[in-house]
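Single-structure report; data block below.
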Amino acid sequence: SQQGEEDPQALSIQEGENATMNCSYKTSINNLQWYRQNSGRGLVHLILIRSNEREKHSGRLRVTLDTSKKSSSLLITASRAADTASYFCATETSGSRLTFGEGTQLTVNP
Amino acid sequence: GAVVSQHPSWVICKSGTSVKIECRSLDFQATTMFWYRQFPKQSLMLMATSNEGSKATYEQGVEKDKFLINHASLTLSTLTVTSAHPEDSSFYICSATSGEGINEQFFGPGTRLTVL
């Protein structure tokens, strides 16, 4: 069964605004990863945060991880229309297995 | 970064036929490959994990006789959907890991299967 739950399921914002997506999980993890998927396409790896890390940045992306609450958030700052996509969190447990969350559909309106 | 390809990118077949999907790691040796299925507007569901030279490990509820996986070399894994039916229509995505470092998975572009 899917371990990750994401909210919101859908998010619509204006260009320039920030977008925040949340992910919760249930079991202990090695790391948590965020992926982006454009409609009908493959996945693009965005960022990985290890279980002993609390925050990580990459360009306009900021990821936090709270292992005590078993939750993570992805913040995209200064959003662009090209950021429109589905965003998935995935938790890695043993043997490199990834369990994906349900995803958040982000729409950035120009 | 590491590149994973899939072939074909899309396929349409008649009910009852078998379809083979290839997943290749182009610039690294993949000790482990994963196969996922994604239905429209849903998340990715792991189907099976395959290690080169050994039998695949299937997730609960995935029929191993229907979804045949062969990981014959360190750069190629194949998924064969046998006796496909319309309910098998889905987006199939593979990923590969080299087994080094933090075991990052590199994803292929996916294969859209439509069974008529």
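Quick note: the coordinates plus some simple rules give every number you see, no bench work behind them. The structure displayed is predicted, hence computed values, not measured ones. Glycine gets a Cβ as well: all are built from the backbone with ideal geometry, and neighbour counts include every protein chain shown.
Other protein chain C-beta atoms within 10 Å of residue C-beta, averaged over B:38-48: 5. Across region B:74-80, rounded Karplus estimates of 3J(HN,Hα) from the backbone phi angles (6.51 cos²θ - 1.76 cosθ + 1.60, θ = phi - 60°) give 6, 10, 9, 10, 10, 10, 10 Hz, Gly and Pro being marked x. The amide H of A:LEU43, built 1.01 Å from its N in the peptide plane, has no neighbour under 5 Å, considering only residues 5 or more places off or on other chains. Cross-link partners of B:LYS20 among aspartates and glutamates, defined as those whose alpha carbon lies under 15 angstrom from its own and excluding same-chain residues fewer than eight positions apart: B:ASP65, B:ASP88. For the residue pairs A:LYS69/B:LYS41; A:LYS26/B:LYS64; A:LYS69/B:LYS55, the alpha carbons lie more than 32 Å apart in A:LYS69/B:LYS55. Annotation for region B:1-81: trypsin sites (Lys or Arg not before Pro) lying in DSSP loop with at most 15 further Cβ atoms inside 10 Å of their Cβ are B:LYS14, B:LYS41, B:LYS55, B:LYS64, B:LYS66. For region A:1-82, which GluC sites (Glu not before Pro) are both in a DSSP coil and crowded by at most 16 other Cβ atoms within 10 Å? Sparse-neighbourhood loop GluC sites (Glu not before Pro): A:GLU15, A:GLU17, A:GLU53. Cysteine residues of chain B whose Cβ has no partner cysteine Cβ closer than 4.7 Å: B:CYS13. In plain terms, chain A is cut at each of the trypsin sites (Lys or Arg not before Pro) found in a DSSP loop with at most 16 other Cβ atoms within 10 Å, and the longest leftover piece is A:81-110. For the pair A:SER39 and A:SER73, label points projected 7 Å from Cα toward Cβ lie 2.9 nm apart.
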